[in-house]
Amino acid sequence: MMTASITLAKHSSDRIEQFNQENNIIMAFVNECVSEEDVNKYGLEAIDKRYFTAHVPGCVTWTRDRERDVYLRFMRDGGEDGMWRQKFTFYWKEMLMEVGLDHVGGSGERGGKGTVEWSLRYLSIPETLVASREQILADLREALSVYGGGGVYSSYTECTVTFDFGSPLLWNST
């Protein structure tokens, strides 16, 4: 089991990016609203339809590492299987993967510190990326550390994230 902690500040991604450029800071993952340009570039509206996710312009969010062109997006909860069962998409090396996670625990105070525990159920890895499995899982952990308890919509200002990536079902997608 791995643990990560990050302090989440609610600022606009443009302001953060400007500050980082001015100070030569290489930024990893950030929670942000997706620009309309990126919605079109990555075909997010079509992906939302595939997952039966409401696509509301101006309300699309992701956890993104702009430099590495990697993102994590919450798509939907498990419905009848339980709200703790959640589906995400993970875009890595120009390939879209589906991630099944269980939100198995957490606690905290709105506007304060919180904890979240994620358990990986499955990950669809394209055959061309199987050799990169460990790096994909490391980047997924990093993205989830920033996503914390809800990405842009998290009610925590600081979130400690714990992972159980024990023996997930990995399958090759085409």
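Tabulated data
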| item | result |
| --- | --- |
| Test for GLY105: is it under 23 Å from THR53 (Cβ atoms) and at pLDDT below 90 | no |
| Answer residue from segment 51-102, given it is among the charged types (D, E, K, R), modelled with pLDDT of 90 or more and out of contact with any Phe, Trp or Tyr (no Cβ under 8 Å at 6 or more places or on another chain) and is nearest to GLY150 (Cα to Cα) among those | ARG66 |
| Scope segment 119-161; condition charged (D, E, K, R) and assigned to a helix (DSSP H, G or I); matching residues | GLU127, ARG133, GLU134, ASP139, ARG141, GLU142 |
| Selection count where residues are farther than 17 Å from PHE163 by Cβ and either over 13 Å from the mean Cα position of the chain (by Cα) or surrounded by fewer than 17 Cβ atoms within 10 Å (Cβ to Cβ) (or both), scope segment 82-107 | 5 |
| Cross-chain or 6+ apart pairs with Cβ under 7 Å, segment 41-57 first and under 14 Å from ARG76 (Cβ atoms) and assigned to a loop (DSSP other than H, G, I, E, B), then at pLDDT 75 or above and open to solvent by less than 80 Å² (accessible area, probe 1.4 Å) | TYR51/MET75; TYR51/LYS87; THR53/MET75; HIS55/ASP48 |
| Which numbered condition LYS41 fails, given (1) surrounded by 11 or more Cβ atoms within 10 Å (Cβ to Cβ); (2) farther than 20 Å from TYR153 by Cα; (3) modelled with pLDDT of 75 or more | (1) |
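The values are calculated or read from the model by the stated rules, or taken from the named source; none is laboratory data. Keep in mind that this is a model prediction, so the values were computed, not measured. When we count neighbours, we look across all protein chains shown, and the Cβ atoms used for this are built from the backbone with ideal geometry, even at glycine. When the accessible area is computed, the model is the full protein with side chains, heavy atoms only, and any ligands, DNA or RNA have been set aside. Shrake-Rupley method; radii C 1.70, N 1.55, O 1.52, S 1.80 Å.
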